[in-house]
Amino acid sequence: MSAHVRKPGWFTVNVLNRAVAWTARRGISVWGSRILAVRGRKSGEWRTTPVNLLTVDGQRYLLAPRGHVQWTHNMRAAGGGELRLGKQVEVFTATEVADDDKAPLLRAYLKRWKAEVGVFFDGVGPDSPEAELRRIAPKHPVFHVTVTD
């Protein structure tokens, strides 16, 4: 597994993430945003972060544009969590998608959110060749989300 991580800067942590989280807590989704809640792999405490929920062919996915970050490690350990939007809470299980199966999901994610997260994909965009999407796939964990409640 790649150790690829792109840490967010001060503006992202203190302004953008807080603004998206604030709207999601009030039931307003900005381009598919949700609050992801997952149990910490060491502490067992709930950890939250704003995420973009991707839907492709009726299936839902969480993709980590910044790479193998804390929530992805926690997701692997917990096997699921909660997606929150206002008072709506969806409990889910998560299955990690194999690198060989990520290209169409990466393409769909970049089509929707390239302006927001494109800088984290090493120049690869929604119109890039399949080989380029496959090249970056190991750097970006993807989880298939199945609602259980």
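Summary table below
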read-out: Only listed residue being in contact (Cβ under 8 Å) with a residue 40 or more places away in the chain and over 15 Å from the mean Cα position of the chain (by Cα), chosen from Val142, Val97, Val147; value: Val147
read-out: The one condition in (1) more than 16 Å from Val5 (Cα to Cα); (2) open to solvent by less than 70 Å² (accessible area, probe 1.4 Å); (3) in a strand (DSSP E or B) that Thr49 fails to fulfil; value: (1)
read-out: Filter result (farther than 24 Å from Gly123 by Cα and touching a residue at least 60 places away in the same chain (Cβ under 8 Å)) within segment 52-75; value: Gln59, Arg60, Met75
read-out: Any hit, segment 60-73, residues being part of a strand (DSSP E or B), under 20 Å from Val5 (Cβ atoms), open to solvent by less than 10 Å² (accessible area, probe 1.4 Å) and among the small types (Gly, Ala, Ser); value: yes
read-out: Among residues of segment 74-114, those that are part of a strand (DSSP E or B) and of a type in the set (Phe, Trp, Tyr), counted; value: 1
read-out: Search result, residues across segment 124-144 that are charged (D, E, K, R) and loosely packed, with under 14 Cβ neighbours inside 10 Å; value: Asp127, Glu130
read-out: Of residues in segment 87-110 being of a type in the set (Lys, Arg) and closer than 16 Å to Gln59 by Cβ, the one most open to solvent (accessible area, probe 1.4 Å); value: Arg107
read-out: Boolean, Val147 is hydrophobic (A, V, I, L, M, F, W, C), open to solvent by 40 Å² or more (accessible area, probe 1.4 Å) and modelled with pLDDT of 95 or more; value: yes
read-out: Cross-chain or 6+ apart pairs with Cβ under 8 Å, segment 21-50 first and within 20 Å of Val142 (Cα to Cα) and modelled with pLDDT of 95 or more, then open to solvent by less than 100 Å² (accessible area, probe 1.4 Å) and among the basic types (Lys, Arg); value: Leu36/Arg84; Ala37/Arg84; Arg41/Arg76
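The values are calculated or read from the model by the stated rules, or taken from the named source; none is laboratory data. All of these numbers come straight from a predicted model, not from anything done at the bench. A quick note on method: Cβ atoms are made from the backbone with ideal geometry, for glycine too, and the neighbour counts reach across all protein chains shown. Calculation scope for accessible area: heavy atoms of the full protein, side chains included, ligands and nucleic acids excluded. Shrake-Rupley method; radii C 1.70, N 1.55, O 1.52, S 1.80 Å.
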